[in-house]
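Working notes for the structure below.
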Amino acid sequence: MKKFCRYIFVLGICILFGIGIGTFVTEFEMDKLFELRINYAAIIGLFALSMLFSTTLHELSHAFYFWINKIPLRFIAVFLFCFYKDDKRWKFLFYPNKITLAGGIVIPDLPAINSEGQFEKIRKIYSRALLFAPIISFVEAIAAMVAYAVLLFSGLSAKYIYISVFLVFCIFIGLTMFVSSFLKTENLYGDFPAYKLYKENDKRTLLQLAQYLMFANDWKQKIMDSGWLVNEIFKYAKKTNAEPKDSTNLGMLDWVIQLEYLGVFELDDEINGILRSMFEEDKILSEYPQSEERDIFYFHMVYRLLKDGQVEKRVLQEVMNRSSEKLLKGMPSKEYYSKLTKHLLYGCDDADWLNKNMNPSSSFTLLGLFEPVREVERRIIQQKLFTGNERRNINGVYKM
């Protein structure tokens, strides 16, 4: 009944919104613009231009907020156009990928976070940067509406037909981007829900900032210098067995596994024990909601246990035979992990194919630009070259 009432409420809002838009279009004579001498090619071109303009403005608003708070940027993408900063200068890339095809993304070059005070400062900037862009999109829509009204009531809208149509598109695209910033689904957080999440949820914010540190210039040193943040993540990761169904803890464990592959630090005996017990109790697929992140962690956990020789290869093979069909159902990365598992567990030599066809996650086509992301995969692929039973000396969290 509650779900039905919610559906009726949303339907009612959509109907009222449609009536409002129709009235607005009629009163401001926007429909008459398209009856004037303007062809379909021009309309499509103006729509594409206004979409590019509005999305660029939205993403640059995120970037601008970081910049005015003295946090440099590492990456800006709008649709298929990316700007990527290496150690010295910005580079332009035409980079097709499905993550930015319908929008864009901004990645800051975060500083090291070695105290709670630094964490709160970066958190405030990051969350407010999320809030800033939809507000600018709303301002864009209002400004375009005022400009169009000036042309209309001065009798110049027909004379400046292309400008008028462009402004109309900016009004609706700006409003659409503002409204879509309130959306929240299983796999998508609009800017407003994301702002609330990162403002209130310490654990998710820690994980997000830790992941962004991997994209920073001099990323390894910054992570090494972020002792407070790393210790907090280890603290949460060690609570995984005591807090079932919390997928963020799996993200914490996956992050530390990746950083160990990169040689930043070594996992202590407690983390190794948690990974082993999670595998032996076989509760991940039943206790945690299905998601790409959960399934990728599952594969990483198995590869890590193989690498350290904590579980016999025969046992890992038996479990993967039972579990493989349940993992990454319908996901593009299914083929990659199937070949990688055969490569590591069953002796198939697929290293060349795996290195040429890396596809470990839905975001890899974008984030694979960052060397640490690709290097994790290279080291996983190459781990069969080393003796799996060889354990290293562990003297704490960091390998200084």
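The values are calculated or read from the model by the stated rules, or taken from the named source; none is laboratory data. Since we're looking at a predicted model, the values are computed, not measured. Glycine gets a Cβ as well: all are built from the backbone with ideal geometry, and neighbour counts include every protein chain shown.
Of all residues in segment 116-127, none are within 18 Å of the chain's Cα centre (by Cα), among the charged types (D, E, K, R) and at pLDDT below 95. Taken over segment 46-56, the criterion of being touching an Asp or Glu at 6+ places or on another chain (Cβ under 9 Å) and surrounded by 20 or more Cβ atoms within 10 Å (Cβ to Cβ) is satisfied by S54 alone. Only one of the numbered conditions (1) in contact with a Lys or Arg (Cβ under 8 Å, 6 or more places away or on another chain); (2) of a type outside the set (S, T, N, Q); (3) at pLDDT below 90; (4) over 22 Å from E260 (Cβ atoms) is violated by L328, and that is (3). The number of residues in segment 290-330 that are assigned to a loop (DSSP other than H, G, I, E, B), of a type in the set (G, A, S) and over 18 Å from I381 (Cα atoms) comes to 2. For the criterion of being at negative phi, in contact with an Asp or Glu (Cβ under 7 Å, 6 or more places away or on another chain) and among the charged types (D, E, K, R), K238 passes. Of everything in segment 212-246 that is of a type in the set (S, T, N, Q) and buried (at least 16 other Cβ atoms within 10 Å of the Cβ), the residue that is nearest to R374 (Cα to Cα) is S226.
Yes/no matrix, rows are residues, columns are (1) touching a Phe, Trp or Tyr at 6+ places or on another chain (Cβ under 9 Å); (2) in a helix (DSSP H, G or I):
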residue: N217; (1), (2): no, no
residue: W228; (1), (2): yes, yes
residue: M252; (1), (2): yes, yes
residue: W255; (1), (2): no, yes
residue: Q258; (1), (2): no, yes
residue: E270; (1), (2): yes, yes
residue: L275; (1), (2): no, yes
residue: E280; (1), (2): no, yes
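Exactly one residue out of V168, V139 is modelled with pLDDT of 95 or more, over 24 Å from the mean Cα position of the chain (by Cα) and either among the acidic types (D, E) or within 30 Å of K98 (Cβ to Cβ) (or both): that is V139. The set of residues from segment 97-124 being within 30 Å of I171 (Cβ to Cβ), surrounded by fewer than 21 Cβ atoms within 10 Å (Cβ to Cβ) and either among the β-branched types (V, I, T) or touching a residue at least 60 places away in the same chain (Cβ under 8 Å) (or both) comprises N97, K98, I99, I105.
Take the conditions (1) part of a helix (DSSP H, G or I); (2) among the aliphatic types (A, V, I, L, M); (3) buried (at least 20 other Cβ atoms within 10 Å of the Cβ); V139 misses just one of them, which is (3).
Candidates R314, R304, R378, R276: the one that is more than 20 Å from the chain's Cα centre (by Cα), basic (K, R), surrounded by 18 or more Cβ atoms within 10 Å (Cβ to Cβ) and modelled with pLDDT of 90 or more is R304.
The residue that is farthest from the chain's Cα centre (by Cα), counting only those in segment 142-165 that are touching a residue at least 24 places away in the same chain (Cβ under 8 Å) and in a loop (DSSP other than H, G, I, E, B), is A158.
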